[in-house]
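Before anything else, here's the structure in question.
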Amino acid sequence: MKNIDIIGACCDLGVNIDGANLGPEILEKNINKKYIINNIINIKTNKIQKELQENNNKKNLKEINNFNFKLYNTIINSLNNNMLPLTLGGDHSIAIGSSLASIYKYKNLGIIWFDSHGDFNTFETTNTGNIHGLPFAAVTNYEKKYLTTFHTGNFFSYKNAVLFGARSIDEPYEIKNLKDAGITIITTEDIKKYGIEKMCEKAFSIASNCTLGIHVSYDLDCIDPIISPGVSVPAKNGINLEEAYTFLNYIIKNKNKIKSIDLVEFNPLKDINKKTEKIASYILNTLINKL
Ligand SMILES: [Mn+2]
């Protein structure tokens with residue numbers, strides 16, 4: 001068992017829907033008391049009025065950067081203490097700070113972005129200006145300008161980056177960005193067609209090929225919203241629980257390669273009968289217990 005730091009990234013500024021900032025503290029309360037955690041650190045955004053103006057394509061940019069810089073430093077510190085940081089979101093914009101901290105430390109990592117969306121817009125292509133639609137592009141340095149100015153290390157290379165479980169990628173520009181970069185895309189359809197095991201094998205092998213390890217960014221909206229409704233931007237026809245847990249088992253199977261993990265986008269204000277809370281808590285407890 002590894003020594004784990006739980007980092008609560010209490011931020012929902014990356015999306016116009018409120019509530020993802022409340023996720024981490026709820027999940028932390030559900031951690032099984034028999035598990036020993038090195039540290040639980042919660043990072044919060046400054047109390048600001050959310051920028052929601054339609055024509056603003058960089059909503060809450062300044063605060064998100066402030067937040068990610070704090071998160072980044074906290075996680076680098078955790079990694080320097082030889083801990084495995086498990087970051088709880090928060091909307092997915094927090095993965096800019098978490099994953100870049102990890103590659104700052106380890107220099108050469110692959111990344112698996114488990115998500116129904118692409119998160120691969122740039123400020124030129126975003127329809128909404130919600131920054132949680134850009135982090136995967138930012139951490140691979142496809143969106144170069146504004147989101148990673150605090151980072152002085154390497155970026156994730158396109159050839160070791162996998163988008164897993166996608167089914168809601170913006171046309172025509174976001175898909176063009178992904179193809180232009182050469183990111184490996186494994187769609188929900190691919191998972192149904194070829195089987196989850198085969199697709200997990202593929203994803204972990206691409207992310208670990210000639211790298212020192214893997215960062216996994218697990219967005220709960222990859223799971224079908226009928227099973228798991230508690231997310232800010234649900235996308236229908238998702239993967240089922242068995243598939244979600246098979247992916248989880250692959251994280252555990254590859255535990256020697258796993259350097260850092262995010263579990264993001266749990267939004268308690270959108271949850272129904274604690275369905276997503278239960279799933280997210282199970283995933284969190286399994287990771288703590290088995291990594
Ligand atoms: Mn996402």
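Between residue 49 and residue 197, what FRET efficiency comes out of the Förster formula 1/(1 + (r/R0)^6) with R0 = 35 Å and r the beta carbon distance, rounded to 0.05?
The pair residue 197/residue 49 has a calculated efficiency of 0.15.
Sticking with this one: Taking other Cβ within 10 Å of each residue's Cβ, how do 247, 155, 136 sort, fewest first?
155, 247, 136
With springs only between Cα atoms under 10 Å, which of 58, 259, 33 fluctuates most in a Gaussian network model of the chain?
33
Over the Cα atoms of the chain, how large are the radius of gyration and the largest Cα-Cα distance (Dmax), in Å?
16.9, 49
For residue 30 and residue 240 in the same chain, what is the full-extension length gain: residue separation times 0.36 nm, less their Cα-Cα distance, in nm?
The span from residue 30 to residue 240 would gain 73.3 nm if fully extended.
Let me ask something additional. Rounded to the nearest 20 Debye, what is the dipole magnitude of the chain about its Cα centre when Lys and Arg each give +1 and Asp and Glu each give -1 at the C-beta?
Once rounded to the nearest 20, the dipole reads 920 debye.
Additional query: Could you name the lysines in cross-link range of residue 253, using Cα to Cα under 21 Å and dropping any fewer than eight places away on the same chain?
The qualifying lysines are 2, 198, 202, 290.
Arrange 281, 205 by Cβ neighbour counts within 10 Å, fewest through most, would you?
205, 281
Further question on the same structure: Quick check on the chain: helices-only [θ] at 222 nm, where DSSP H runs of length 4 and up contribute -39,500 (n - 2.57) each and the sum goes over total residues. Nearest 500, please.
It comes out at -10500 deg cm²/dmol, rounded to the nearest 500.
For the chain, modelled as a Gaussian network with Cα springs under 10 Å, which listed residue fluctuates most, 152, 45, 276?
Residue with maximal mean-square fluctuation among 152, 45, 276: 152.
A follow-up question, please. Please arrange 180, 115, 91 by how many other C-beta atoms lie within 10 Å of their C-beta, fewest to most.
So the ranking, lowest neighbour count to highest, is 180, 115, 91.
Let me check against my output: what whole-number percent is the relative contact order of segment 1-138, with C-alpha pairs under 8 Å and at least 6 apart?
33
None of the figures in this text is laboratory data; all of them are computed from the coordinates on show. Note that the structure is predicted; figures quoted are calculated from it, not measured. In this analysis, Cβ positions are derived from the backbone assuming ideal geometry, glycine residues included, and neighbour counts consider all displayed protein chains.
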